[in-house]
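Engineer: Encoded as structure tokens, here's the structure I'll be asking about.
The values are calculated or read from the model by the stated rules, or taken from the named source; none is laboratory data. Note that this is a predicted model, so its numbers are computed, not measured. Cβ placement follows ideal geometry from the backbone for every residue including glycine, while neighbour counts extend to all protein chains displayed.
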Amino acid sequence: MTAASFALLATAAPAEMLDVEKDELTFGFIKLTDMAPLAVAYELGYFEDEGLFVTLEPQANWKVLLDRTIDGELDGAHMLAGQPLAATIGYGTEAHIVTPFSMDLNGNGITVSNEIWEEMKGNIEHDADGKPIHPISASAMAPIVERYKDEGKPFNMGMVFPVSTHNYELRYWLAAGGLHPGFYSADNTSGQIDADVLLSVTPPPQMPATLEAGTILGYCVGEPWNQQAVFKGIGVPVITDYQIWKNNPEKVFGLTKAFTEENPNTTLALTKALIRAAIWLDENDNANRPEAVEILSRSEYVGADYDVIAASMTGTFEFEKGDVRDIPDFNVFFRYNATYPYYSDAIWYLTQMRRWGQITEDKPDEWYAEVAQSVYLPETYLEAARLLVDEGLANEADFPWDSDGYKEATAAFIDGVEYDGRAPNAYLNKFEIGLKTGG
Amino acid sequence: MSAVTDTDLTREARRERLFTRINKADGYFQVLGLSWLTPALKLAAGDNARGNLSEIWRLLGVPILAILVFLAGWATLAPQVQTSLGAIPGPVQVYEQAVNLHKDAQREADKAAAFAERQEVRNAKLIAEGKEDRVKWREYTGAPTYYQQIWTSLQTVFFGFMIATVIAVPLGIACGLSPTINAAMNPIIQIFKPVSPLAWLPIVTMVVSAVYVTNDGMFSKSFLNSAITVTLCSLWPTLINTALGVSSIDKDLINVGKVLKLDTRTKITKLVLPSALPLIFTGLRLSLGVGWMVLIAAEMLAQNPGLGKFVWDEFQNGSSQSLAKIMVAVLTIGMIGYLLDRLMYALQTMFTFSAQR
């Protein structure tokens, strides 16, 4: 097809605006770079193209964001992947939350304070240039944790929410390095039962300040708060979640089930806008990222300095000061079907909830599949994608039309344990640390 | 000769009148916080230079000097404190950020204009296509500007303050008139008075979301949460002062009321209120001050889009400009607090005068 005829086609199929039921919407977000699809969809007018008039509102923390979504003050929000699942199964505030759109892959890191890093360094092998060899295992931290235990001091680390990706990633990393991150139980929701390392909740933007104050010795959080620690010289990122689990699913866009039922066209329209934003963010090998960083650095969005946000958004990541490494996939917004809501992603989060005792009893494999299907809405996603393809705004080849919702089994984890979303119980039994089926 | 004395006399009289007028204006100047204008005017009118100059120095020179000393101290000390967000900003950086905030507001205004234009075009197109039913006019939905945030804060504080007044004044009058009611209310007042807004807020939040279930009501929940928290904290000064004002009315007045057999309503409106007004206003003034102070904390947690949320968001941003922007907010909050106090003072003076007549 020639360029001219392609252009003709694009104009011949004018964007037929969906007849949206509700056009004035308020969406919540947390000041993290992975809220980018929302900011981009707003600033580039993708929401308006769909006839949606959106207000974007930063929220104080994940709990406030979830509660405000549930009671309708927010129509939808940038959510931790675990939030819709936990809310739906009634862990924490109970409500049926669904998601037609995954927002990104990867994007988190684990940072430790300078003192811990100095000690850890001695336990890490270095290459010929004197740089630490990656990925760094938590076992390098084990002697320090041991020493803290002997001295009777708690070894505290921060994560952002009990059902956050960060909690599970930090736990995964610690457990893979032989450190016990602690269990939850029905009557002890501290998550610190039997723990070597005590994890507690701190809202993302406060992570650097809390680390600086010495309340925690390290944390797992999304960007820009790891790079912020490097810039402020208060901590050193030791590993990114890309190295813990290659291309792990991260945030989702959550809406209440009631909202999607009352406003099916609005749901479709906003999914379309978000898909377009995601495409734009990854287009031409991240060519638009600098512009995205400029948008995000505005005080109404993430608001951190341009350089801090750019450090991770433009394909590099700075570990120890000066140790800048290329991680082109540090945050992925569209490629590798990042935005398609896979059931297998949902099930991975559920397995981690079971592994650490947030889900207090064994569940059959079917239960996992049912929960995933009631929360993740790939049909809505594909419907929105189809409309975009028909309007000439997206490429047919970019979407997994025939997927059954499960990704191929993968062993791309730091400990090499293979995950298959179809067999969650078998997966749980593979771990040395963590609750097992029947155990 | 007589003509000369005449003009002298008229000049003298005119001078007298001028001074009377200046002295009268002094009352207003004091209310406005411009009391230095009085000696300045007197000086201009040819009054004794020495006394007036020293007055002007005391009323205008000293405060200005103090502010200059403060600014100089700030400018020299601030850069010496290094935080992880860079040095504490001095007056210059804070001024720059104030300008930046203004520019942001202008940028938002431009964006709003562009939005209106796009809407215009879109709707015109829909009409041209014969789809009038799909034409919609919508408000621009950008981020709130600094000015809008100030406005939200003011609305919230006045709403909360209004509710507080409506509750506290009648209750205070009841307490003042009846020792029994006073005895009943006293322990409750004493217990709830010292409670911090941060303790009220979670309770208020839960109650509001349970009771105020509609989502397209007149007020947003975050607005109500902050406003009601303001109410709960700013209730007490008015209540206590009203009770005190009412209970300390001249006994003779009450006796006169008894002799005239006034009914309760007339007694309250003709006797109690006028003589208790000065103290009621003192209470209101304190209440508004407390309310404004509490509001910032409430907004931070309730996510009401006012100055409190601005401070919180900037703190979360953690950019190199954040501290300076927060200081702009601190100064704004202080100045508005001062203006609110002046406003209440002016009202108090106005009403107290009429009460004395």
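Engineer: Has the stretch B:45-66 got at least one residue that is within 14 Å of another protein chain (Cβ to nearest Cβ) and surrounded by 14 or more Cβ atoms within 10 Å (Cβ to Cβ)? Can you show your working first?
Structural biologist: Step one: of the stretch B:45-66, the residues within 14 Å of another protein chain (Cβ to nearest Cβ) are none.
No, the conditions are met nowhere in the stretch B:45-66.
Results for (1) assigned to a loop (DSSP other than H, G, I, E, B); (2) touching a Ser or Thr at 6+ places or on another chain (Cβ under 9 Å); (3) surrounded by fewer than 18 Cβ atoms within 10 Å (Cβ to Cβ); (4) touching a residue at least 40 places away in the same chain (Cβ under 8 Å), shown as yes or no for each residue.
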position: A:181; (1), (2), (3), (4): yes, no, no, yes
position: A:191; (1), (2), (3), (4): no, yes, no, yes
position: A:207; (1), (2), (3), (4): no, yes, no, yes
position: A:221; (1), (2), (3), (4): no, yes, no, yes
position: A:229; (1), (2), (3), (4): no, yes, no, yes
position: A:239; (1), (2), (3), (4): no, yes, no, yes
position: A:242; (1), (2), (3), (4): no, no, no, yes
position: A:254; (1), (2), (3), (4): no, yes, no, yes
position: A:260; (1), (2), (3), (4): no, yes, no, yes
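Engineer: What are the pairs, 6+ residues apart or on separate chains, where a residue within the stretch B:80-109 that is more than 14 Å from chain A (Cβ to nearest Cβ) has its Cβ under 9 Å from a residue that is of a type in the set (Asp, Glu) and outside any strand (DSSP E or B)?
Structural biologist: The qualifying pairs are B:89/B:96.
Engineer: Determine the pairs where a residue that is touching a residue at least 12 places away in the same chain (Cβ under 8 Å), located within the stretch A:110-135, has a partner that is part of a helix (DSSP H, G or I) with Cβ atoms under 6 Å apart, the partner being 6 or more residues away or on another chain.
Structural biologist: Short answer, once both residue conditions are applied: A:111/A:226; A:111/A:229; A:113/A:211; A:119/A:144; A:120/A:140; A:123/A:140; A:124/A:140; A:135/A:243.
Engineer: Looking at residue A:357, is it on the phi > 0 side of the Ramachandran plot and touching a helix residue (DSSP H, G or I) at 6+ places or on another chain (Cβ under 7 Å)? First the steps, then the outcome.
Structural biologist: Values: on the phi > 0 side of the Ramachandran plot: yes; touching a helix residue (DSSP H, G or I) at 6+ places or on another chain (Cβ under 7 Å): no.
Criteria not met by residue A:357.
Engineer: Check the stretch A:8-18 and report whether any residue there is modelled with pLDDT of 90 or more and within 12 Å of another protein chain (Cβ to nearest Cβ).
Structural biologist: As a first pass, look at the stretch A:8-18 and keep what is modelled with pLDDT of 90 or more: none.
No, every residue in the stretch A:8-18 fails to be modelled with pLDDT of 90 or more and within 12 Å of another protein chain (Cβ to nearest Cβ).
Engineer: Do we have residue B:73 as part of a helix (DSSP H, G or I) and touching a residue at least 40 places away in the same chain (Cβ under 8 Å) here?
Structural biologist: On the way: part of a helix (DSSP H, G or I): yes; touching a residue at least 40 places away in the same chain (Cβ under 8 Å): no.
It is false that residue B:73 is part of a helix (DSSP H, G or I) and touching a residue at least 40 places away in the same chain (Cβ under 8 Å).
Engineer: Ok, one more. Hey, could you check the stretch B:282-331 for residues that are more than 26 Å from residue B:194 (Cα to Cα), assigned to a helix (DSSP H, G or I) and not aliphatic (A, V, I, L, M) and say which is farthest from the other protein chains (Cβ to nearest Cβ)?
Structural biologist: Per the criteria, the residue is B:310.
Engineer: Another question, if that's okay. Given the conditions (1) among the hydroxyl-bearing types (Ser, Thr, Tyr); (2) within 14 Å of another protein chain (Cβ to nearest Cβ); (3) assigned to a helix (DSSP H, G or I), which single one is not true for residue A:271?
Structural biologist: (2)
Engineer: Of the residues that sit in the stretch A:302-328 and are over 11 Å from residue A:227 (Cα atoms) and touching a residue at least 60 places away in the same chain (Cβ under 8 Å), which one is surrounded by the most Cβ atoms within 10 Å (Cβ to Cβ)?
Structural biologist: A:302
Engineer: Just to be sure I understand, how many residues within the stretch B:172-185 are at pLDDT 90 or above and loosely packed, with under 14 Cβ neighbours inside 10 Å?
Structural biologist: Total satisfying the criteria: 3.
Engineer: Restricting the search to the stretch A:274-303, which residues are under 19 Å from the mean Cα position of the chain (by Cα) and part of a loop (DSSP other than H, G, I, E, B)?
Structural biologist: Passing the criteria: A:301, A:302.
Engineer: Sticking with this structure for a sec: Can you tell me which residues in the stretch A:155-179 are of a type outside the set (A, V, I, L, M, F, W, C) and either in a helix (DSSP H, G or I) or surrounded by 16 or more Cβ atoms within 10 Å (Cβ to Cβ) (or both)? Step through it out loud before you land on a result.
Structural biologist: Taking the stretch A:155-179 first, the residues of a type outside the set (A, V, I, L, M, F, W, C) are A:156, A:158, A:162, A:164-169, A:171-172, A:177-178.
Scanning the stretch A:155-179 gives A:156, A:158, A:162, A:164, A:165, A:166, A:167, A:168, A:169, A:171, A:172, A:177.
Engineer: May I pose another question? Select, from B:308, B:337, the only residue that is crowded, with 23+ Cβ neighbours inside 10 Å and modelled with pLDDT of 90 or more. Steps first, answer last, please.
Structural biologist: Numbers: B:337 fails: crowded, with 23+ Cβ neighbours inside 10 Å.
Matching residue, one of B:308, B:337: B:308.
Engineer: Still on this structure, please answer the following. Considering each residue of the stretch B:123-143, count those that are closer than 24 Å to residue A:43 by Cβ and either facing chain A (nearest Cβ under 8 Å) or part of a loop (DSSP other than H, G, I, E, B) (or both), and give that number.
Structural biologist: Residues flagged as closer than 24 Å to residue A:43 by Cβ and either facing chain A (nearest Cβ under 8 Å) or part of a loop (DSSP other than H, G, I, E, B) (or both) within the stretch B:123-143 amount to 8.
Engineer: OK, next. Answer with yes or no whether residue A:88 is more than 14 Å from every other protein chain (Cβ to nearest Cβ), surrounded by fewer than 21 Cβ atoms within 10 Å (Cβ to Cβ) and either of a type outside the set (A, V, I, L, M) or within 13 Å of residue A:251 (Cα to Cα) (or both). Break it down into steps so the answer makes sense when it comes.
Structural biologist: Details: more than 14 Å from every other protein chain (Cβ to nearest Cβ): yes; surrounded by fewer than 21 Cβ atoms within 10 Å (Cβ to Cβ): yes; either of a type outside the set (A, V, I, L, M) or within 13 Å of residue A:251 (Cα to Cα) (or both): yes.
The answer is yes for residue A:88.
Engineer: Residue by residue through the stretch B:174-232, note down the ones that are of a type in the set (D, E, K, R) and either more than 11 Å from chain A (Cβ to nearest Cβ) or in contact with a Leu (Cβ under 7 Å, 6 or more places away or on another chain) (or both). Working first, answer last.
Structural biologist: The initial filter retains those residues of the stretch B:174-232 that are of a type in the set (D, E, K, R), namely B:193, B:216, B:221.
Result: B:193, single match.
Engineer: Return a yes/no flag: does the stretch B:75-86 have any residue that is under 29 Å from the mean Cα position of the chain (by Cα) and not aliphatic (A, V, I, L, M).
Structural biologist: Looking through the stretch B:75-86, none of the residues is under 29 Å from the mean Cα position of the chain (by Cα) and not aliphatic (A, V, I, L, M).
Engineer: Just to be sure I understand, how many residues within the stretch A:32-41 are within 13 Å of another protein chain (Cβ to nearest Cβ) and crowded, with 24+ Cβ neighbours inside 10 Å?
Structural biologist: At the first step, the residues of the stretch A:32-41 found to be within 13 Å of another protein chain (Cβ to nearest Cβ) are A:32-33, A:35, A:38-39, A:41.
Next, only the ones that are crowded, with 24+ Cβ neighbours inside 10 Å stay: A:32-33, A:35, A:38, A:41.
Residues meeting the conditions: 5.
Engineer: I would also like to ask the following. Can you tell me how many residues in the stretch A:209-219 are assigned to a helix (DSSP H, G or I) and either among the β-branched types (Val, Ile, Thr) or more than 8 Å from chain B (Cβ to nearest Cβ) (or both)? I'd like the intermediate steps shown before the answer.
Structural biologist: First, pick out the residues of the stretch A:209-219 that are assigned to a helix (DSSP H, G or I): A:209-213.
Narrowing further to those that are either among the β-branched types (Val, Ile, Thr) or more than 8 Å from chain B (Cβ to nearest Cβ) (or both): A:210-211, A:213.
Residues flagged as assigned to a helix (DSSP H, G or I) and either among the β-branched types (Val, Ile, Thr) or more than 8 Å from chain B (Cβ to nearest Cβ) (or both) within the stretch A:209-219 amount to 3.
Engineer: Report yes if residue A:70 is more than 30 Å from residue B:112 (Cβ to Cβ), surrounded by 19 or more Cβ atoms within 10 Å (Cβ to Cβ) and within 13 Å of chain B (Cβ to nearest Cβ), otherwise no. Lay out the reasoning, then the answer.
Structural biologist: On the way: more than 30 Å from residue B:112 (Cβ to Cβ): yes; surrounded by 19 or more Cβ atoms within 10 Å (Cβ to Cβ): yes; within 13 Å of chain B (Cβ to nearest Cβ): yes.
Considered against the rule, which asks whether it is more than 30 Å from residue B:112 (Cβ to Cβ), surrounded by 19 or more Cβ atoms within 10 Å (Cβ to Cβ) and within 13 Å of chain B (Cβ to nearest Cβ), residue A:70 comes out as yes.
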